[in-house]
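Written out below as structure tokens is the structure these notes cover.
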Amino acid sequence: MTDQPTGPDTSDAGKFPTQGSVNAPRETQHKIVVPGDVPMVSLLGTGDELLRVVERAFPRVDIHVRGNEVTVTGRVGDVALVERLVDEMLAVLAGGQALSPDAVERSIGMLRHTEGERPADVLTLSVLSNRGRTIRPKTLNQKRYVDAIDKHTVVFGIGPAGTGKTYLAMAKAVQALQSKVVNRIILTRPAVEAGERLGFLPGTLTEKIDPYLRPLYDALHDMIDPDSIPRLMAAGTIEVAPLAYMRGRTLNDAFIILDEAQNTSPEQMKMFLTRLGFGSKMVVTGDVTQVDLPSGNQSGLRVVTQILEGIEDVNFTYLGSADVVRHRLVSEIVDAYGRWDAERRSADGGEGRAREGRGPEGRGPERRRPDAGPRDRDRARRAGGRDAR
């Protein structure tokens with residue numbers, strides 16, 4: 001891409017600033033020349049749909065396209081950001097990947113909120129390809145998560161639903177199996193969901209457990225030829241089992257994934273992590289805001305972040321609502337629940353402070369009665385005996 005600045009507006013150069021213009025943002029105009037071998041439709045989208053995404057994101061910038069020239073006019077910072085965006089879009093196209101409105105929106109978000117990271121590096125990173133479909137990270141945090149799996153033996157992926165925690169971990173597991181880095185894949189989940197109990201479900205133990213493991217099977221079908229999955233499972237190359245089945249084992253040369261880890265107890269989490277054998281890698285995924293354990297039970301995922309933080313070769317990667325790759329509404333729902341939880345905790349804290357120092361039923365400070373003497377204790381025992389009769 002050739003960038004041809006037409007120069008900032010200098011019509012007022014040498015003049016004293018007029019009232020109200022001292023803090024006015026300076027505007028500029030730049031011309032971007034797109035290489036001739038890049039079809040403009042691939043850059044702008046069918047019916048200019050990608051151009052419309054950019055225009056909505058930068059409402060104060062005027063973008064004019066003529067041939068392979070793009071003229072951008074607006075505030076200096078906004079124009080510079082649009083230029084960087086076009087550079088990234090061209091880099092994605094040069095990598096052989098088509099652009100989509102979602103990819104452009106995510107590129108804009110990355111450019112606005114991060115420094116030193118290129119959206120093109122994120123969007124062109126291929127994790128796994130199967131049947132013409134490529135699995136790759138879509139956000140910067142997802143790329144950091146994938147990189148962490150490459151670099152560390154034990155990785156925790158913690159974040160809300162739809163952030164790709166389990167899906168990307170499974171893609172890395174299949175990649176490791178195909179490249180013979182490991183000899184088998186082990187996928188496990190605690191069999192606890194939304195307050196339900198296995199004993200009340202119909203069928204055999206296997207029939208009861210299978211629904212809890214179904215999301216793992218679904219992801220496998222996206223990444224491996226479905227016809228080969230039964231053969232791989234029969235040979236033990238791929239194992240999908242409840243967490244309880246891990247007890248007493250040492251797992252060597254395996255890629256092990258614990259999904260829905262927020263539903264483990266601290267004891268179960270310790271049991272799972274100590275199954276790690278030589279040549280193995282572990283990925284633990286979960287969402288600490290969706291714990292289905294009985295009330296009063298601690299989540300092993302919450303506890304382990306305090307216990308293992310800072311240990312070498314153990315990584316914690318946190319994803320947020322900006323990393324949700326499902327429907328746009330999912331990200332907004334996650335944010336809404338986060339605000340509601342924060343308001344509720346704040347309100348509970350305020351009520352706790354208001355009640356501090358108050359006696360039963362809010363009747364003011366509770367006075368401690370002096371220690372009763374022997375006569376008072378005898379009177380109390382006699383009264384207790386009459387009540388019992």
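The values are calculated or read from the model by the stated rules, or taken from the named source; none is laboratory data. All of these numbers come straight from a predicted model, not from anything done at the bench. Positions of Cβ are backbone-derived with ideal geometry, glycine not excepted, and every protein chain shown enters the neighbour counts. Calculation scope for accessible area: heavy atoms of the full protein, side chains included, ligands and nucleic acids excluded. Shrake-Rupley method; radii C 1.70, N 1.55, O 1.52, S 1.80 Å.
Only protein heavy atoms count here; under a 1.4 Å probe, Phe255 has an accessible surface of about 10 Å².
An ellipsoid equivalent to segment 47-168, defined through the eigenvalues of its Cα gyration tensor, has semi-axes of 30, 16, 12 Å when rounded to whole angstrom and sorted largest first.
In segment 115-172, which trypsin sites (Lys or Arg not before Pro) are in a loop and have at most 16 other Cβ atoms within 10 Å, using DSSP for the loop call? List each step's numbers first, then the result.
Working: sites: Arg131, Arg133, Lys138, Lys143, Arg144, Lys151, Lys165, Lys172; in loops: Arg131, Lys138.
In loop regions of segment 115-172 (DSSP not H, G, I, E or B), the sparsely surrounded trypsin sites (Lys or Arg not before Pro) are Arg131.
If I stretch the segment between Glu332 and His221 completely, what's the gain in nm (0.36 nm per residue apart, minus their alpha carbon distance), one decimal? Don't skip to the end; give the middle numbers.
Numbers: separation 111, 0.36 × 111 = 39.96 nm, distance 2.91 nm.
Gain on stretching Glu332 to His221: 37.1 nm.
Between Tyr318 and Arg112, what FRET efficiency comes out of the Förster formula 1/(1 + (r/R0)^6) with R0 = 22 Å and r the beta carbon distance, rounded to 0.05? After rounding to 0.05, the efficiency reads 0.65. With both labels modelled 7 Å from their Cα along Cα-to-Cβ, the Asp253 to Asp48 distance reads 6.0 nm. Residues in segment 84-148 average 46 Å² of solvent-accessible surface per residue, probe 1.4 Å, ligands and nucleic acids excluded. Length available on full extension from Ser100 to Thr274: 0.36 nm per residue minus the Cα-Cα distance, which gives 58.3 nm.
Of the heavy-atom accessible surface of segment 44-173 (probe 1.4 angstrom), what whole percent is carbon and sulfur? Roughly 46 percent, rounded to a whole number.
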